[in-house]
Structure formats: C-alpha cells, structure tokens
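Each remark here refers to the structure printed beneath this line.
The values are calculated or read from the model by the stated rules, or taken from the named source; none is laboratory data. Everything numeric here is computed off the predicted structure, so don't read it as measured data. Glycine also receives a Cβ, built like all others from the backbone with ideal geometry; neighbour counts cover every protein chain displayed. These area figures cover heavy atoms from the full protein model, side chains too; ligands, DNA and RNA do not enter into them. Shrake-Rupley method; radii C 1.70, N 1.55, O 1.52, S 1.80 Å.
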Amino acid sequence: TLIVHNTKKAAAKTFEELKRRVAGDARVYFLTTDLCPKHRLKIIETIKGILDSDDGRKVYLVSTQLIEAGVDISVDVAFRSMAGLDSIIQTAGRCNRHGKYGISPVYVFESADENLGSLPDIKHAQEDYRNTHEYCKNRNLSLMSQEAIDKYYSIRNLRLQRDASIEYPIKLNTWTTITKLFLTGKENPVFKRAKEMLSLIHI
C-alpha cells in the first residue's frame, strides 16, 4: 500500500500512526526529502526486494511527492492526498505499474493534517482537481480520460494566466514572498536592507 501526502508533517504523522497500528510482520517505510538520496534509494530497493519475493508480507509505504518522480515501484493499492490531477495520475502510475492484476484502486482523500498555507500552488491545484472531478462526474467520464486531462489543464492554464505569479510566503524579520525577493526595489526587504548597509559604509 502506498500513501502519498502533500506535506512532510502529515506524512510523518501517518507513518507514526501506521507503525503503532500494524500487526505481525508487516513493514512500514517512510520516504521524504529529509532523507539523503542514498538512504531513500536503500529504502526503495528494500521494498522492491520484499515485493519481488512475493512472500505475503504486507508493506506500507508513506511518502511525500518525491515518489512521483522517477521511482519505479508497483503497489497493489494507493492513497493520494488531494492534489492536482497530474499528481494523482503520477501516484496512480505506481499502482499496479505493470498491469499484472487488472484494475487496482487509487483513493483520493482530503487530509485534515495538511497545512497548505505556504503552498498556494497545491491549494489551487486541489481546487482545479475538484472542478475537473465535478465536470467528469456530470459527464460520466473517467478522470484518466484524455478529455478529463484536457479539461484539467484548461482550468489550470486559465488560473495561471489570471495569477501571473504564485507568491510563496516566507518569513525573514517580517513576512514577505519569494517573488518580492527577486525584485531590486524597496519592495524587496533584503535589497532595501543591503542598500541601507552600503550607504552606512560609504558614510
């Protein structure tokens, strides 16, 4: 079973809860960017070894979005915290990856433990997924259909045209955004402070 969260904190909570609840010789693993690449690769290879042995042991893998990029692993069932349709399809690509078991389920859920206040792009992608899901439900379309994917990206593109930039909030001495840190005027608090320091040095 693969469970993918949008945030490390929510993924860690699920991992700890699964460790507490699973019984017998079931294995629970956790993948996050907090681990070094070598450690992540070791976990993935360990899981592949268990799955290839087909000895009946249950494996639970809790991960952040990193599982969606170039990880060749195949599970029986997947759970994906709500995100954009592209991310959900990426997770689905790790479920019954080689088509050995017919159709395998992928469940999309809303996590009560995810704070997306500083991740507006994921929050917006969730809204766009909801709209696409409603569109497909009304037309009896599969979310994996080309029409669904086209609809999702038409919604996404309209949003991106409307919102010229996604500003990621970050905290320095005060709250600002990554966008403002690219500016070279008084709106950029770092640039403004550097200019003030230079003027003091020249005095």
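Here are the numbers:
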| item | result |
| --- | --- |
| Cut-off 14 Å between beta-carbons: net charge of the residues surrounding Ala112, Lys and Arg +1, Asp and Glu -1 | -2 |
| Scattering curve values for the range 114-173, log₁₀ I(q)/I(0), Debye with Cα scatterers, q = 0.21, 0.23 Å⁻¹ | -0.84, -0.93 |
| Percent carbon-and-sulfur accessible area, the chain, ignoring ligands, DNA and RNA, probe 1.4 Å | 54 |
| Where a label projected 7 Å from the Cα of Leu141 along Cα→Cβ would reach, residues of the range 63-89 with amide N under 16 Å | 85-86, 89 |
| Reciprocal of mean inverse Cα separation for the range 27-143 (Kirkwood radius, Å) | 15.7 |
| Non-local Lys pairs in the range 57-164, i.e. 8 or more apart or on different chains, that have alpha carbons under 25 Å apart | 4 |
| Alpha carbon convex hull of the chain, volume per residue in cubic angstrom | 166 |
| C-alpha center-to-center spacing [the range 108-165, the range 31-65] in angstrom | 29 |
| Neighbour net charge for Asp34 - beta-carbon separation under 12 angstrom, K R +1, D E -1 | +3 |
| Efficiency of FRET from Cβ geometry, Phe182 and Thr33, R₀ 25 Å, rounded to 0.05 | 0.60 |
| Per residue accessible area of the chain, 1.4 Å probe, in Å² | 63 |
| Within the range 95-124, trypsin sites (Lys or Arg not before Pro) in DSSP loop having at most 16 other beta-carbon neighbours inside 10 Å | Arg97, Lys100 |
| Acute angle (nearest 10 degrees) that the helix 189-202 long axis makes with the longest principal axis of the chain, alpha-carbon atoms | 40 |
| Proximal aspartates and glutamates relative to Lys180, as straight alpha-carbon distance under 13 Å, when same-chain residues fewer than 8 apart are discounted | Glu167 |
| Folded to 0 to 90 degrees: helix 120-139 orientation relative to the chain principal axis, Cα | 50 |
| Per-residue [θ]222 nm for the chain (sum of -39500 (n - 2.57) over DSSP H runs n ≥ 4, rounded to 500) | -15000 deg cm²/dmol |
| DSSP bridge pairs, the chain: antiparallel proportion in percent, nearest 5 | 15 |
